[in-house]
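The values are calculated or read from the model by the stated rules, or taken from the named source; none is laboratory data. Please read all numbers here as calculations on a predicted model, not as lab measurements. Neighbour counts run over all protein chains shown; Cβ positions are idealised from the backbone, glycine included.
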Amino acid sequence: MGRKQPTRKSPRCTTTRRQPRSRLCLRKGCDRMYTPRRWNQRYCQDHQCLREVRRWQSRQRQRRRRASPQGRQRHRQAERARRREAKIRGQRAAKRSTDGARGHAGERSSHIFCGRTGCYAPPQASLRTPACYCSTACRTAVRRVHDRERKWLSRTTFAGRMKRHYEYEAALRRRLGQSDGVQDTRDVAYPRRE
């Protein structure tokens with residue numbers, strides 16, 4: 001009369017969800033080990049770290065927005081309106097001039113900075129293509145995170161499971177000191193993750 005439904009005594013019901021492994025925070029300068037709550041969590045949940053991440057992201061958005069002539073024009077208009085309102089409210093010009101720039105505007109720079117969160121260094125000079133990262137360490141940190149997220153998303157597909165199978169096989173061959181195609185590794189046990 002239909003499929004048998006698993007009950008509480010059935011071993012199928014007692015599936016435990018595996019916790020993600022602890023990982024390094026992606027923000028440059030933090031490098032703190034943390035246990036993520038979600039599979040795609042890139043940063044530790046420290047308040048100072050998250051504030052720095054949001055600050056870096058807002059600077060990236062501002063830089064992208066001001067790269068186009070329309071964005072610069074909109075920024076000019078917004079600044080004009082802000083100054084007009086400040087004058088209407090009666091703020092003194094002397095106080096504004098002594099305060100200097102507030103917030104992120106005080107350290108604003110027009111140069112392009114690294115693509116890793118929290119890194120403000122300019123990218124390396126490249127002849128062929130414009131570089132995104134300032135150093136090999138930044139590039140490998142971001143690549144490691146992208147690879148982990150790509151593998152996590154592909155775990156539900158058959159092609160992703162096969163790819164992981166071949167990756168583990170190749171890693172086992174490298175560990176054993178073999179070159180590709182020399183020995184069949186089907187008989188050798190290797191760690192499989194589901």
Notebook entry, point to check: Is one or more of the residues making up the range 117-133 under 20 Å from residue 21 (Cβ atoms), part of a loop (DSSP other than H, G, I, E, B), within 23 Å of the chain's Cα centre (by Cα) and modelled with pLDDT of 80 or more?
Noted result: no
Next item on the list: Taking the options 58, 22, name whichever one is touching a helix residue (DSSP H, G or I) at 6+ places or on another chain (Cβ under 7 Å) and either hydroxyl-bearing (Ser, Thr, Tyr) or free of Cβ contacts under 8 Å to residues at least 24 places away in the same chain (or both).
Entry: 58
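Rundown of residues vs (1) among the aliphatic types (A, V, I, L, M); (2) surrounded by fewer than 12 Cβ atoms within 10 Å (Cβ to Cβ), yes/no style:
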{"position": "121", "(1), (2)": "yes, no"}
{"position": "124", "(1), (2)": "no, no"}
{"position": "154", "(1), (2)": "no, no"}
{"position": "158", "(1), (2)": "no, yes"}
{"position": "166", "(1), (2)": "no, yes"}
Check: Does the range 150-158 contain at least one residue that is at pLDDT 85 or above, part of a loop (DSSP other than H, G, I, E, B) and either within 30 Å of residue 61 (Cβ to Cβ) or not small (Gly, Ala, Ser) (or both)?
Finding: yes
Next item on the list: Would you kindly identify the helices (runs of 4 or more DSSP H) lying entirely within the range 37-110 that contain at least 3 residues that are basic (Lys, Arg) and at pLDDT below 90?
Entry: 47-67, 69-89
Note to self: Restricting to the range 27-45, name every residue that is closer than 26 Å to residue 122 by Cα and either among the hydrophobic types (A, V, I, L, M, F, W, C) or more than 12 Å from the chain's Cα centre (by Cα) (or both).
What the structure shows: 29, 30, 31, 32, 44
Next item on the list: Kindly provide the set of residues from the range 29-68 that are in contact with a Gly (Cβ under 8 Å, 6 or more places away or on another chain) and of a type in the set (Asp, Glu), ordered by number.
Entry: 52
Item checked: First in the range 144-160 and in contact (Cβ under 8 Å) with a residue 24 or more places away in the chain, second anywhere and among the aromatic types (Phe, Trp, Tyr), Cβ under 6 Å, 6 or more apart -> 152/39
Check: Is it the case that the range 171-187 has a residue that's at pLDDT below 85, assigned to a helix (DSSP H, G or I) and surrounded by 11 or more Cβ atoms within 10 Å (Cβ to Cβ)?
Finding: no
